[in-house]
1. What number of residues in segment 27-40 are aliphatic (A, V, I, L, M), part of a helix (DSSP H, G or I) and exposed (fewer than 15 other Cβ atoms within 10 Å of the Cβ)?
2. Could we say that Ser38 is of a type outside the set (Val, Ile, Thr) and in contact with a Phe, Trp or Tyr (Cβ under 6 Å, 6 or more places away or on another chain) here?
3. Looking only at segment 46-64, how many residues end up being surrounded by 15 or more Cβ atoms within 10 Å (Cβ to Cβ) and at pLDDT below 90?
4. Between a first residue in segment 39-64 that is among the basic types (Lys, Arg) and a second residue that is at pLDDT below 90 and assigned to a helix (DSSP H, G or I), which pairs have beta carbons less than 9 Å apart while being 6 or more apart in sequence or on different chains?
5. Can you name the residue in segment 1-46 that is among the small types (Gly, Ala, Ser) and more than 8 Å from the chain's Cα centre (by Cα) and is also nearest to Ser58 (Cα to Cα) among such residues?
6. Working carefully through the options Gly4, Gly43, Gly24, find the one that is modelled with pLDDT under 90 and in a helix (DSSP H, G or I).
7. Would you point out which residue out of Leu17, Leu6, Leu22 is surrounded by 14 or more Cβ atoms within 10 Å (Cβ to Cβ) and of a type outside the set (Gly, Ala, Ser)?
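The values are calculated or read from the model by the stated rules, or taken from the named source; none is laboratory data. None of these values were measured; they are calculated from a predicted model. Reconstructed Cβ throughout: ideal geometry from the backbone, glycine too, with neighbour counts over all protein chains shown.
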Amino acid sequence: MILGMLVSAVIAVFGLLVALGLIGHPIDAQLVTNYGWSILTIGVALFVLFAYRWFSRSRSRRSV
């Protein structure tokens, strides 16, 4: 779970850098910032998923 959270955090940071225009270049005169925001959203969603599963798993272990 921790590895998934770290990878999704890296994906989110990469998406943020693309969205801010610090990484990437225009493709056929189109900016890549929209793709960056999409990558950022996916990274954050994956992080929340892994964090929720990790939290619920650790919580269920404590109750047993």
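1. Quick first cut of segment 27-40, residues aliphatic (A, V, I, L, M) only: 27, 29, 31-32, 39-40.
With the extra rule that they be part of a helix (DSSP H, G or I), the set shrinks to 39-40.
This time we only want the ones that are exposed (fewer than 15 other Cβ atoms within 10 Å of the Cβ), so: none.
Number of matching residues: 0.
2. So Ser38 does not fit the description; no.
3. Summing the residues that are surrounded by 15 or more Cβ atoms within 10 Å (Cβ to Cβ) and at pLDDT below 90 in segment 46-64 gives 0.
4. Pairs found: Arg53/Gly4.
5. So the first thing to find is which residues in segment 1-46 are among the small types (Gly, Ala, Ser), and the list is 4, 8-9, 12, 15, 19, 21, 24, 29, 36, 38, 43, 45.
Going one step further and asking which of them are more than 8 Å from the chain's Cα centre (by Cα), we end up with 4, 19, 21, 24, 29, 36, 38.
On the way: Gly4: 16, Ala19: 34, Gly21: 38, Gly24: 39, Ala29: 48, Gly36: 33, Ser38: 30 Å.
Residue satisfying both the conditions and the ranking: Gly4.
6. Unique residue meeting the criteria: Gly4.
7. Details: Leu6 fails: surrounded by 14 or more Cβ atoms within 10 Å (Cβ to Cβ); Leu22 fails: surrounded by 14 or more Cβ atoms within 10 Å (Cβ to Cβ).
Only one candidate passes the filter, namely Leu17.
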